[in-house]
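The values are calculated or read from the model by the stated rules, or taken from the named source; none is laboratory data. Quick caveat, the model's predicted, so the values are computed rather than measured. Cβ atoms come from the backbone with ideal geometry, glycine included; neighbour counts cover every protein chain shown. Accessible surface is based on the protein model in full, side chains and every heavy atom, while ligands, DNA and RNA are left aside. Shrake-Rupley method; radii C 1.70, N 1.55, O 1.52, S 1.80 Å.
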Amino acid sequence: NINFGQRAFSHPVSGYKSLNTANLPEPTIADGSQYFDTKLWTGNGTNQNISTSFSPDWVWVKERGSTGWNNVYDVVRGVKKSLITNDTRAEQTLNDGVTAFNSNSFTVSHDGASTIHTNSNGDSYVGWAWDAGSSTVSNTDGSITSQVRANPSAGFSIVTWTGNGSSNQSVGHNLNAAPKVVLFKRRSGGTSNWQVYHDSIGSTQRLALNTADAAISAGTLWGNGMTSSVLGIGPGSGVNTSGSNYVAYCFAPVEGYSAM
């Protein structure tokens with residue numbers, strides 16, 4: 001018989017607590033599904049609401065039964081605006097895809113015209129959804145004004161901006177903590193690899209999300225680096241070509257919920 005504190009101890013105890021949930025530290029996020037969720041569905045060929053336990057702001061969809069492409073949508077860029085994580089192409093505005101971000105679901109549609117499917121009849125899908133907060137705001141913390149939707153409590157934000165082509169530029173991210181992983185994508189003005197910053201390889205290297213290549217030199221791509229307020233960016237086409245539009249998905253660790 002072992003007494004973990006479920007009954008009175010026979011001898012005085014000092015410096016220890018009973019083993020029970022009441023004596024565990026309060027978690028930063030008690031239920032991770034309130035900020036991130038994974039959903040599975042079978043396409044019906046028309047419209048379908050995919051339920052979540054929060055208002056989703058970034059949705060990544062992948063067809064599971066074939067080699068269909070990965071496509072992502074977010075509330076900052078707007079509905080039906082797809083980016084392909086395994087390809088270099090710019091943002092596409094589709095007739096289908098994710099057609100609505102709702103208070104507790106996202107809507108997927110398929111009209112038969114697109115080669116990028118999210119709800120083809122009979123096909124199986126997975127969707128990953130993130131909560132990026134309740135509003136999109138302008139941020140002037142960096143040298144370039146950005147549009148940001150951020151959820152600092154969950155360590156996730158969506159950032160958009162227009163490049164100016166200059167060195168050592170920056171855009172605000174509203175996380176109040178330095179991001180450890182950032183996925184960058186050029187949205188207009190030409191094709192470009194997805195540029196990936198990861199804290200574990202540092203500000204001297206970069207990865208490409210859409211290739212199998214090893215890390216290569218980042219050169220001046222990350223500008224003066226990532227801080228608790230801004231993303232550092234340089235003049236590279238993947239993050240800061242003059243006149244091109246960009247998006248970045250930023251992740252900062254939250255104890256007990258996420259780590260990079």
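Summary of computed values
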quantity	calculated
Loop-exposed chymotrypsin sites (Phe, Trp or Tyr not before Pro) per DSSP, neighbour cap 13 Cβ within 10 angstrom, longest uninterrupted part of the chain	17-260
Using alpha carbons only: equivalent-ellipsoid semi-axes of the range 54-176, gyration tensor based, whole Å	28, 17, 12
Other-chain or far-sequence residues with amide H under 5 Å of residue 117's (modelled H)	69
Charge sum, other residues only, whose C-beta stays under 14 Å from residue 191's C-beta, Lys/Arg counted +1 and Asp/Glu -1	+2
Proximal lysines relative to residue 80, as straight alpha-carbon distance under 26 Å, when same-chain residues fewer than 8 apart are discounted	39, 62, 185
Estimated translational D of the range 144-259 in µm²/s (Stokes, Kirkwood radius over Cα pairs; 20 °C; 1.002 mPa s)	155 µm²/s
For the range 159-166, 3J(HN,Hα) per residue [Karplus equation, 6.51 cos²θ - 1.76 cosθ + 1.60, θ = phi - 60°, Hz, x = Gly/Pro]	10, 10, 6, 10, x, 10, x, 8
Accessible surface, the chain, averaged per residue in Å² (probe 1.4 Å)	47 Å²
13 Å beta-carbon shell around residue 112, net charge (K/R +1, D/E -1)	-3
Counted charge near residue 240, where neighbours are those whose Cβ lies closer than 14 Å (Asp, Glu -1; Lys, Arg +1)	+4
Sparse-neighbourhood loop sites, trypsin sites (Lys or Arg not before Pro) in the range 53-82 - DSSP loop, at most 15 other Cβ within 10 angstrom	64
Vicinal HN-Hα couplings computed from phi for the range 209-215 (Karplus, 6.51 cos²θ - 1.76 cosθ + 1.60; Hz; Gly/Pro x)	4, 8, 10, 9, 5, 6, 4
Cut-off under 5 Å, modelled amide H: who pairs with residue 105 long-range	52
Within the accessible area of the chain (1.4 Å probe), percent carbon and sulfur	47 percent
Residues whose placed amide H lies under 5 Å from that of residue 188, excluding near-sequence neighbours	91, 245
Whole-Hz ³J(HN,Hα) from phi, Karplus 6.51 cos²θ - 1.76 cosθ + 1.60, for the range 104-109, glycine and proline x	8, 5, 10, 9, 10, 9
